[in-house]
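Below: the structure, in structure tokens.
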Amino acid sequence: MKYACAMLLLALAPPAAYSASAPRLTPLPTLLAKPADQADARIKARVVEDLGNNKFRVEDGGKHIEVKGGPHWYHTLPLETGKSHTFDGELHVKNKDGERKIELKLVRVWRADGARLDVRANVETEPWKGIDKGKTGTPAVLVWRKS
């Protein structure tokens with residue numbers, strides 16, 4: 001009986017990466033002032049540009065960052081330019097040719113009404129890994145889910 005109760009609790013619990021230890025909402029200017037590579041992050045920002053291939057430029061407080069939602073051949077994110085969302089993901093800091101690039105690899109996106117897009121289960125999971133992108137057919141369009 002104890003085992004069954006424990007299993008039920010585990011089955012109902014949200015993914016560990018975004019349960020009680022969910023990243024704290026951080027204003028984008030604060031996050032970009034001292035970005036930590038591979039740190040969990042949560043920002044609230046407005047989509048200002050669709051860069052194609054599930055990449056979007058978002059803005060908050062006059063600062064911009066690129067958010068990435070996985071490969072376009074696997075799924076499509078229905079984000080609209082001009083809309084504000086809360087973005088959960090993992091921050092990536094890259095230095096190439098003396099230029100620093102900071103991006104947020106998405107795990108989840110939240111709308112103001114509480115609906116969410118589950119891009120992947122957690123930061124360690126990439127459901128598209130190991131899939132032959134030439135054999136995927138039409139990419140799935142992610143659907144907003146009410147929490």
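The numbers here are math on the coordinates, done by the rules we state, and not lab data. Everything quoted here is computed from the prediction, not taken from an experiment. A quick note on method: Cβ atoms are made from the backbone with ideal geometry, for glycine too, and the neighbour counts reach across all protein chains shown.
Just name one of Phe56, Thr26, Gly70: the one whose Cα is farthest towards the positive end of the charge dipole of the range 15-93 (beta-carbon charges, Lys/Arg +1, Asp/Glu -1).
Farthest along the dipole direction, towards plus: Thr26.
Provide the convex hull volume over Cα atoms per residue for the range 84-147, in Å³.
Residue-normalised Cα hull volume stands at 132 Å³.
Using the Cα gyration tensor of the range 35-147, with a ≥ b ≥ c the square roots of its eigenvalues, what is the shape: rounded (a/c below 1.5), prolate (a/b larger than b/c) or oblate (neither)?
It comes out oblate by the Cα gyration axes.
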